[in-house]
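Below: the structure, in structure tokens.
Bear in mind these aren't lab numbers, they're just calculated from the coordinates by the rules spelled out. Bear in mind the structure is a predicted one, so any value in this text is a computation, not a measurement. Backbone-built Cβ (ideal geometry, glycine too); neighbour counts: all protein chains shown.
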Amino acid sequence: MKVTRLTDIPAQPPGSAGPRRVAIGTFDGVHMGHREVIRGNDTVLTFDPHPQVVINPDGAPKLVMPFSIKRDVIAGLGVEELVVIPFDREFASRSAEDFVDQVLVRQLGAVSVSVGENFRFGRRARGTSEFLAARPEFETRVVPLVEVAGETVSSSQIRGLVSAGEVMKAAEFLGGPFLMDGEVAHGDKRGRELGMPTANLVPDDLLVSPGHGVYAAWALGYPAAVNVGVRPMFATGRGLLVEAHLIDFSGDLYGQTLRVAFLDRLRGEKRFESVEALKEQMRLDVEQARRICAGAE
């Protein structure tokens, strides 16, 4: 998939650019509703950063995924081109008419446009799906909200599920496991001392993280037991940490970017009576994670 910044696409006379079949949205999470908007289109037009981060930074929600994961998930849907709008206050000030005339018609040469029914765009969010449908230059497909198991799919709903540790249910709405990226950082070697070395990731505070607990996951193609929390057994002075024990893996991951795919929550985080009790529970966690991952292959 080709990734292009909108600022690198020159404006051309109407009818000269493209043709592109364009799906438009922020697509945070690339969930089942987003996938329906994207289906059948060769181009996805999205924003980075998320518009709310620019328009309402104090009230912006934590994101389901960073751009790197969003890019890769969209690529997996068979899209040919991802066009990224570098969203800033100047772009936010553009009118809905200008967005259609300059971006969709003159830069992208859209012959069809696909949006969700609640998509809004342009200054003061005055652009609507009805506004798009009234334009003669392209066909407009408006996708109704998608339901899974009788519930409407939304990014806010998925944020709530992930924060509560319900990663298995979140996966039903995402269309795949909840993913987290992070650079492997040096820790205090506590896992190694306990016989289970871990790759430590410090979560980005701008992104949603799974609720405190232990999870079965995949990482680098290996089954993993992953602890998300503050390690109540030890006074570490650290904040939230994601510790992934890659089962049957040996090697040095420091400085590398590790992607973790969360499958299921095994238990909550707790304080144990002794280090030996903790080690026994860790052994049980690893075996349970191994079984869950084997069943998910």
Quiz prompt | Nonlocal Lys pairs with alpha-carbon distance under 16 Å, the chain (8 or more apart, or different chains) | solution = 4
Self-check item: Amide H within-cut-off set for G116, under 5 Å, with H built and near neighbours excluded
Solution: V143
Practice problem: Quickly work out the H212-to-Q288 label distance, labels modelled 7 Å from Cα along the C-beta direction, and quote it in nm with one decimal. | Solution: 1.7
Quiz item: What is the magnitude of the charge dipole of the stretch 177-296 about its Cα centre, with +1 placed on the Cβ of each Lys and Arg, -1 on the Cβ of each Asp and Glu, and no other charges, expressed in debye to the nearest 20?
Solution: 240
Quiz item: Between L266 and residues 5 or more places away or on another chain, which pairs have amide H atoms under 5 Å apart, with H built 1.01 Å from N, and which residues are they?
Solution: V214, Y215, A216
Quiz item: For labels at V3 and S163 in the simple 7 Å Cα→Cβ model, what's the distance in nm?
Solution: 2.8
Quiz item: From the Cα gyration tensor of the stretch 195-295, with a ≥ b ≥ c the square roots of its eigenvalues, which class applies: rounded if a/c is under 1.5, or else prolate if a/b is larger than b/c, or else oblate?
Solution: rounded
Quiz item: Dipole of the chain, Cα-centred, from +1 at each Lys and Arg C-beta and -1 at each Asp and Glu C-beta, to the nearest 20 debye?
Solution: 200
Practice problem: May I ask you to derive the FRET efficiency for L220 and K270 from their Cβ-Cβ distance with R0 = 22 Å, giving the value to the nearest 0.05? | Solution: 0.20
Quiz prompt | Two-site FRET efficiency, T152 against V53, from Cβ-Cβ distance with R₀ of 30 Å, rounded to 0.05 | solution = 0.80
Quiz item: How do the peptides 167-176, 120-129, 23-32 rank, highest first, by the average count of neighbouring beta carbon atoms within 10 Å per residue?
Solution: 23-32, 167-176, 120-129
Practice problem: State the extension gain, in nm to one decimal, for the chain segment bounded by Q12 and S250, taking 0.36 nm per residue of separation less the distance between their alpha-carbons. | Solution: 80.3 nm
Exercise. Could you work out how far apart the two model spin labels at D98 and E139 are, taking each label as a point 7 Å from the Cα in the direction of the beta carbon, and quote it in nm?
Key: 3.1
Self-check item: Mean residue ellipticity (222 nm) of the chain, computed from DSSP H runs ≥ 4 via -39,500 (n - 2.57), nearest 500
Solution: -6500 deg cm²/dmol
Quiz item: What percent do you get for the relative contact order of the stretch 100-148 when only Cα pairs under 8 Å and 6+ apart count?
Solution: 41
Quiz prompt | Antiparallel content of DSSP bridges confined to the chain, in %, to 5 | solution = 60
Quiz prompt | Sorted peptide list for 158-166, 102-110, criterion being average Cβ within 10 angstrom, highest first | solution = 102-110, 158-166
Exercise. Give me Rg over Rh for the chain, both radii from the alpha carbons and Rh done the Kirkwood way, two decimal places.
Key: 1.05
